[in-house]
Amino acid sequence: MTMTKVTTQTRESKKENTSLRAKGFVPAVVYGYKTDSKAIAVEEIELIKVLREVGRNGVMKLDVDGKTINAVLTDYQQDPIKGQILHADFLAINMSEELEVAVTVTPVGDAVGVKEGGSLTQPNREVTVKVKPSDIPDHIEVDVSELNIGETLTLGEVRDKIDFDVQEEDDYALVSIAAPRSDEELEELDSTEDEETTEEDATDVEATEEAPEEEKAE
């Protein structure tokens, strides 16, 4: 198994975070196996490149003060507008021990229900898998080709086809096929949205008209 190395630098305090981000670094923390919690920073460009190479659950080698630490990215915060990674959490791991990771569920096949006009939804997009770091999958595929309108595919129905130890219960819903909405339902939905918009506009007008009186009272 090939692991990509990521160079880090020590971060002394939270006061540095703003300046680090301005320089293209991501404030982060690493903790876990034989590793005391330590504040670090990694180059955002390098982190993004590595994640593209090894995947969201991929193992990477962190170079921390000259020491190499095998780690996985457990969490990160991202600016919803700019897309900038604001902070990252790394878990130091023992390559010979199993760990639990969240893995994306990918539906494959053309569902019968979708062909008949239904829409495919995923009540749960991930499952928790207990696995050794070297065997972490990028995703888990589930065949939905025989799924009809109104039916839901649960974990129990496909567990024996998954080559990993999935932790959720058998009734854990993975994929559903919803019935298409009738013209009446769509019209009712549009009508409800129009009413809500009208009420919001009316509230805004009332608030605007009352504002001067409140200011005078103050």
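Laid out as a table, the results:
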read-out: From the options 109, 32, residue that is on the phi > 0 side of the Ramachandran plot and not assigned by TED's automatic domain parsing to the domain that holds residue 162; value: 32
read-out: The stretch 88-124 - residue that is closer than 30 Å to residue 25 by Cβ and charged (D, E, K, R) and, of those, surrounded by the fewest Cβ atoms within 10 Å (Cβ to Cβ); value: 100
read-out: From 66, 24, 55, residue being out of contact with any helix residue (DSSP H, G or I) (no Cβ under 9 Å at 6 or more places or on another chain) and in contact (Cβ under 8 Å) with a residue 12 or more places away in the chain; value: 55
read-out: Residue in the stretch 40-87 that is nearest to residue 29 (Cα to Cα), counting only those that are in a strand (DSSP E or B) and of a type in the set (Gly, Ala, Ser); value: 41
read-out: Options 85, 69; residue that is buried (at least 18 other Cβ atoms within 10 Å of the Cβ) and farther than 25 Å from residue 134 by Cβ; value: 85
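The values are calculated or read from the model by the stated rules, or taken from the named source; none is laboratory data. The model shown is predicted, which means the values in this text are computed figures rather than measured ones. We place every Cβ from the backbone using ideal geometry, glycine too, and count neighbours over all the protein chains shown.
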